[in-house]
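Beneath this line is the structure, given in structure tokens, with notes to follow.
The values are calculated or read from the model by the stated rules, or taken from the named source; none is laboratory data. All of these numbers come straight from a predicted model, not from anything done at the bench. Positions of Cβ are generated from backbone atoms using ideal geometry, with glycine treated the same way; all protein chains shown enter the neighbour counts.
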Amino acid sequence: MMIKKLVTLLFIFITSLCLSNVSFAETSAEKNVLQNFETLISSHKGKVIYVDFWASWCGPCRKSFPWMNNIQDKYQQQGLVIISVNVDNNKALADKFLAEIPTNFTVFYDPKGKVARQYKLKGMPSSYIIDRSGKVVSAHVGFSQSKKTKYEQELIALLNTVN
């Protein structure tokens, strides 16, 4: 029981560090990160979008990436788009992760956690499913073998609907 509490506290601490409002000199791209993200989402309107928030230190994220690569390949022709949002403060950590587990989907960097705060993340990884009209219709925390089927069924149901 004590170990579970320590793990929970450690998770909260690490997540708060990643999503903190630490002020550094920002590039114009960082200042416009919310606008850039909204533009990216809007560019895929009419498609089903699976948005996945992740960090290099997240164990379940390592398991979710092969699954996301697979469903991107499997359902892309039906209109599925996967966008992953990395919240590492240091892009080199994300790059190292991606060198180990390459992607076939878009990676968006959110080093200050602005997009993450907008989505009010409750854990890592967190995913959001956006329907063809651009509305968030589902939110999930965590990733495991048992959740794969549920997430894929939700995506298939949305892919089979036409707006």
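Here are the numbers for the structure shown:
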| quantity | calculated |
| --- | --- |
| Some residue of the range 128-151 being of a type in the set (A, V, I, L, M, F, W, C), surrounded by 15 or more Cβ atoms within 10 Å (Cβ to Cβ) and at pLDDT 95 or above | yes |
| Flag for Asp73 being of a type in the set (Asp, Glu) and touching a residue at least 40 places away in the same chain (Cβ under 8 Å) | no |
| Enumeration of residues in the range 124-148 that are on the phi > 0 side of the Ramachandran plot and touching a Pro at 6+ places or on another chain (Cβ under 9 Å) | Gly142 |
| Members of the range 133-147 that are closer than 24 Å to Lys45 by Cα and touching a residue at least 40 places away in the same chain (Cβ under 8 Å) | Ser133, Gly134 |
| Condition met for Gly113 (surrounded by fewer than 18 Cβ atoms within 10 Å (Cβ to Cβ), touching a residue at least 40 places away in the same chain (Cβ under 8 Å) and not aliphatic (A, V, I, L, M)) | no |
| Residue that is nearest to the chain's Cα centre (by Cα), among those in the range 40-86 that are modelled with pLDDT of 95 or more and of a type in the set (Lys, Arg) | Lys47 |
| Residue check, Asp131 within 15 Å of the chain's Cα centre (by Cα) and of a type in the set (Asp, Glu) | no |
